[in-house]
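*Asks:* Got a structure here, written out as structure tokens. Questions coming.
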Amino acid sequence: MSSIPEALARVQQRMAEAALRANRAPQDVRLVAVSKTFLAEAVLEAIEAGQRDFGENRVEEALPKKAAVAQARDGDVRWHLIGHVQSRKARDAGGQFDLIHSVDSLRLAHKLSAACVAAGARQEILLECNVSGEVSKDGFAVAGWEQDRVAFDAFARDVAQIISLAGLRVRGLMTMAPIMDEPAQARPFFASLRGLRDALHERFPHADWADLSMGMTDDFEVAIAEGATLVRIGRAIFGSR
């Protein structure tokens, strides 16, 4: 099995090559190393190899790991919450992460904002969108939004409220593509999210729609081709869980 530094270097090379194939600058795509279930020691090894962005699924696992890493090393480590956030965890999560990728409901957004306002913080977030329609996936229900104006308008009404919340700053969208036999089969879902982002930018031009968080170990190169600015990769760096 490869070491973490070797695996990181391979992933970064593949990311750069995918960006260049898409006529994009490699530096425009950021790697979020998904460290969920791995110990702080693995994160520290990745930091030593130059990695700075780490993704965690659960608040209760992330916060102690974040503290352990901070105790061992000062510096510019950035923490991303990428897993589903239960409403009852909003108070714990608000203001604790550099970016929360998985805000998937208006209710959660209100709870996060209230927690941040009470703490004197402002939380950067992405809106998680279910563009595939899979019932097993979280996210705003926007599958088929291109033809279904009712679905798009309902989502846009929620977005209008979310971008007005004092404790939050929306930075873009996130999605998880279905598990497919071939990575190329995920392309339509990534293209749909990019199109949705563009439609929201037209509807709400004053908001920040810079980021698209999409693509994981099996399909990140296709996601980069479709405009991902953040890719969430765990297995290809840390190994199987």
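The values are calculated or read from the model by the stated rules, or taken from the named source; none is laboratory data. Because the structure is predicted, anything quoted here is derived from the model rather than measured. Because the Cβ atoms are built from the backbone with ideal geometry, glycine has one as well, and the counts that use them run over all protein chains shown.
*Asks:* Which residues, taken from region 61-85, are among the hydrophobic types (A, V, I, L, M, F, W, C), over 14 Å from L44 (Cβ atoms) and either out of contact with any helix residue (DSSP H, G or I) (no Cβ under 7 Å at 6 or more places or on another chain) or surrounded by fewer than 19 Cβ atoms within 10 Å (Cβ to Cβ) (or both)?
*Replies:* A62, L63, I82
*Asks:* Being outside any loop (DSSP other than H, G, I, E, B) and at negative phi narrows it down to one of H110, H84, so name that one. Quick ask: steps written out before the conclusion?
*Replies:* Values: H84 fails: outside any loop (DSSP other than H, G, I, E, B).
Unique residue meeting the criteria: H110.
*Asks:* Please determine, by comparing only the residues of region 144-164 that are without any contact (Cβ under 8 Å) to a residue 40 or more places away in the chain and part of a loop (DSSP other than H, G, I, E, B), which one is farthest from A177 (Cα to Cα).
*Replies:* S164
*Asks:* Okay, next question. Is it the case that A191 is modelled with pLDDT of 95 or more, over 25 Å from G94 (Cβ atoms) and either outside any helix (DSSP H, G or I) or small (G, A, S) (or both)? Walk me through it before giving the result.
*Replies:* Details: modelled with pLDDT of 95 or more: yes; over 25 Å from G94 (Cβ atoms): yes; either outside any helix (DSSP H, G or I) or small (G, A, S) (or both): yes.
Spelling it out, A191 is indeed modelled with pLDDT of 95 or more, over 25 Å from G94 (Cβ atoms) and either outside any helix (DSSP H, G or I) or small (G, A, S) (or both).
*Asks:* Another question, if that's okay. Which count do you get for residues in region 87-111 that are under 17 Å from M174 (Cα atoms) and not aromatic (F, W, Y)? Before the answer, list the steps.
*Replies:* Going residue by residue through region 87-111, those that are under 17 Å from M174 (Cα atoms) are 97-106, 108-109.
Within this subset, residues satisfying the condition of being not aromatic (F, W, Y) are 98-106, 108-109.
Result for region 87-111: 11.
*Asks:* Could you please find all residues in region 110-137 being at pLDDT 95 or above and within 18 Å of the chain's Cα centre (by Cα)?
*Replies:* L112, R122, Q123, E124, I125, L126, L127, E128, C129, N130, V131, S132
*Asks:* Of the numbered conditions (1) part of a helix (DSSP H, G or I); (2) without any contact (Cβ under 8 Å) to a residue 24 or more places away in the chain, N23 satisfies every one except a single condition; which is it?
*Replies:* N23 satisfies all of (1) part of a helix (DSSP H, G or I); (2) without any contact (Cβ under 8 Å) to a residue 24 or more places away in the chain except (1).
*Asks:* Of everything in region 211-236 that's among the small types (G, A, S) and out of contact with any Lys or Arg (no Cβ under 6 Å at 6 or more places or on another chain), which residue is farthest from P5 (Cα to Cα)? Give the derivation first.
*Replies:* Keep residues of region 211-236 that are among the small types (G, A, S), which gives 213, 215, 223, 225, 227-228, 234, 236.
Now drop any that are not out of contact with any Lys or Arg (no Cβ under 6 Å at 6 or more places or on another chain), which leaves 213, 215, 223, 225, 228, 234, 236.
On the way: S213: 23, G215: 21, A223: 23, A225: 25, A228: 23, G234: 13, A236: 11 Å.
Restricting to residues being among the small types (G, A, S) and out of contact with any Lys or Arg (no Cβ under 6 Å at 6 or more places or on another chain), the top hit is A225.
*Asks:* Still on this model: Considering L39, L99, L108, which residue is surrounded by 15 or more Cβ atoms within 10 Å (Cβ to Cβ), of a type outside the set (V, I, T) and in contact with a helix residue (DSSP H, G or I) (Cβ under 9 Å, 6 or more places away or on another chain)?
*Replies:* Details: L39 fails: surrounded by 15 or more Cβ atoms within 10 Å (Cβ to Cβ); L99 fails: in contact with a helix residue (DSSP H, G or I) (Cβ under 9 Å, 6 or more places away or on another chain).
Result: L108 is the single residue among L39, L99, L108 that is surrounded by 15 or more Cβ atoms within 10 Å (Cβ to Cβ), of a type outside the set (V, I, T) and in contact with a helix residue (DSSP H, G or I) (Cβ under 9 Å, 6 or more places away or on another chain).
*Asks:* Now for a different question. Let me spell it out: the conditions are (1) buried (at least 19 other Cβ atoms within 10 Å of the Cβ); (2) touching a Phe, Trp or Tyr at 6+ places or on another chain (Cβ under 8 Å), and A160 meets all of them except one. Which number is the exception?
*Replies:* (1)
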